[in-house]
């Protein structure tokens, strides 16, 4: 089984429901099971600023899917949830990113793992640290070192 961390985010069409729907779809993939979920976090948009705040979450799954097949499934889920790619870093119903796939470094035309900017993003690193405090990010550093460098004031944990 492969241990995979996924980042999920939404700021359109009931974002909390979009994230939950993505969770349900991921958990129903063949030979795949969600084993850990962070809390939901509210964050300001990165890049394109003129849009609503995002709801973000990081989940950990166990899967027998290859990274290529997992990417195809994640893109299919995004399509089913009406993800439209018109503005870079723009509003979206759902975004599912493969953050880590085992401890592998993967570089293809379609995918880079670890996610190339994850260590710079509070909306990824704080939820990731919530569910694993001991992970080392290949080619980067220990999660605790990276989180200490990020602004914790730009992310708000949603207590439900």
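The values are calculated or read from the model by the stated rules, or taken from the named source; none is laboratory data. What you see is a predicted model; the values in this text were computed from it and never measured. So basically every Cβ, Gly included, is an ideal-geometry build from the backbone, and we count neighbours across all protein chains shown.
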Check: Name the pairs whose Cβ atoms lie under 6 Å apart, with the first residue in the stretch 73-98 and at negative phi and modelled with pLDDT under 75, the second part of a loop (DSSP other than H, G, I, E, B) and surrounded by 17 or more Cβ atoms within 10 Å (Cβ to Cβ), and 6 or more positions between them or separate chains?
Finding: 83/92; 83/93; 83/94
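Quick one: which residue in 34, 26, 55 is farther than 22 Å from residue 111 by Cβ and either in contact (Cβ under 8 Å) with a residue 24 or more places away in the chain or surrounded by fewer than 21 Cβ atoms within 10 Å (Cβ to Cβ) (or both)?
55
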Check: If only one of 77, 88, 96 is under 25 Å from residue 20 (Cα atoms) and in a loop (DSSP other than H, G, I, E, B), which one is it?
Finding: 88
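Does the stretch 106-119 hold any residues that are over 13 Å from the mean Cα position of the chain (by Cα) and surrounded by 13 or more Cβ atoms within 10 Å (Cβ to Cβ), and which are they?
106, 111, 112
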Checklist line | Residue check, residue 146 touching a helix residue (DSSP H, G or I) at 6+ places or on another chain (Cβ under 8 Å), modelled with pLDDT under 90 and not in a loop (DSSP other than H, G, I, E, B) | finding: yes
Item checked: Index of the failed condition, residue 3 passing every other in (1) surrounded by 18 or more Cβ atoms within 10 Å (Cβ to Cβ); (2) modelled with pLDDT of 95 or more -> (1)
